[in-house]
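The structure appears right after this line, and notes come after that.
The values are calculated or read from the model by the stated rules, or taken from the named source; none is laboratory data. Not measured: the values here are computed from a predicted model. Glycine also receives a Cβ, built like all others from the backbone with ideal geometry; neighbour counts cover every protein chain displayed.
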Amino acid sequence: MGSRLIPSNFVKNVMQNGIGRYICQLQRVTIEFCKSNGSSRGTRDFIENYLLDFAKSNPGIVMYLRPRRHKHPHLRAEYLNGYKESIPVANMSKDEVAQWLGILRGRTGVQIVRLRKPWHTDNPSIQGIWHPFMFKDPSINSKPFPKKLPAYKSDKMSATEYVLQLKQEQLKITN
């Protein structure tokens, strides 16, 4: 298969996963199998031997069993982001079905694609985003402060001014 046939994209991740606690992205698994067909033997063995242990160890994953007459078995996975995946497990042993469930459980639900680059950034320049004043003198875009700043004048007398006025009145009386 040529590299042009595989879709390509940049590196993605599931946002905010693991900040508070890890959240498994696999939401539900539907196991479709036939009760009598020979290609479903490994799937039926997995259901009889491993399914309860898998469900107990992964309480966040909802497991559905869907018997279908005369159809090959499938594992249908649904992820939190809405992505759905189907794995045909015809003529596989119970251990191989368990391995496929482990692979589906560990995935994030992001479609597997060829990476364009092994890195990605939202701002490709380390200098920042260009703007019209980027290489201009900063004095063009700024205004200097006035040399003499006006003082704040209040209509009411402050507590400090009141105490100073009382002290001066006492000095005048004593003199």
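Some values worked out for this structure:
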| item | result |
| --- | --- |
| Residue tally, condition under 22 Å from ILE6 (Cα atoms), more than 18 Å from the chain's Cα centre (by Cα) and charged (D, E, K, R), over the stretch 100-136 | 3 |
| Pair list, Cβ < 8 Å and 6+ apart or interchain, from the stretch 153-175 residues that are at negative phi to residues that are not polar (S, T, N, Q) | GLN165/MET157 |
| Any hit, the stretch 55-74, residues being buried (at least 16 other Cβ atoms within 10 Å of the Cβ) and touching an Asp or Glu at 6+ places or on another chain (Cβ under 8 Å) | yes |
| Residue match in the stretch 81-100 (condition: touching a Lys or Arg at 6+ places or on another chain (Cβ under 6 Å) and assigned to a strand (DSSP E or B)) | yes |
| Number of the condition not met by HIS70 [criteria: (1) under 18 Å from the mean Cα position of the chain (by Cα); (2) of a type outside the set (Lys, Arg); (3) on the phi > 0 side of the Ramachandran plot] | (1) |
| Residue selected from the stretch 95-113 under the condition closer than 17 Å to ILE61 by Cα and without any contact (Cβ under 8 Å) to a residue 60 or more places away in the chain, by the criterion surrounded by the most Cβ atoms within 10 Å (Cβ to Cβ) | VAL97 |
| ASP155 of a type in the set (Asp, Glu) and exposed (fewer than 10 other Cβ atoms within 10 Å of the Cβ) | yes |
| Test: residue in the stretch 19-33 that is over 20 Å from GLN111 (Cβ atoms), loosely packed, with under 12 Cβ neighbours inside 10 Å and more than 34 Å from the chain's Cα centre (by Cα) | no |
| Which numbered condition TRP130 fails, given (1) surrounded by fewer than 11 Cβ atoms within 10 Å (Cβ to Cβ); (2) in contact with an Asp or Glu (Cβ under 8 Å, 6 or more places away or on another chain) | (2) |
| Test result for LYS147, without any contact (Cβ under 8 Å) to a residue 40 or more places away in the chain and under 45 Å from the mean Cα position of the chain (by Cα) | no |
| Pairs, first assigned to a helix (DSSP H, G or I) in the stretch 44-68, second surrounded by 13 or more Cβ atoms within 10 Å (Cβ to Cβ) and not charged (D, E, K, R), C-beta under 7 Å, six or more apart | ARG44/PHE33; PHE46/VAL97; PHE46/ALA98; ILE47/ILE31; LEU51/MET63; PHE54/LEU101; ALA55/MET63 |
| Residue list for the stretch 105-131, restricted to those being under 30 Å from ARG28 (Cα atoms) and of a type in the set (A, V, I, L, M) | VAL110, ILE112, VAL113, LEU115 |
| Lone qualifier among ILE129, ILE173 - being at pLDDT below 85 and among the aliphatic types (A, V, I, L, M) | ILE129 |
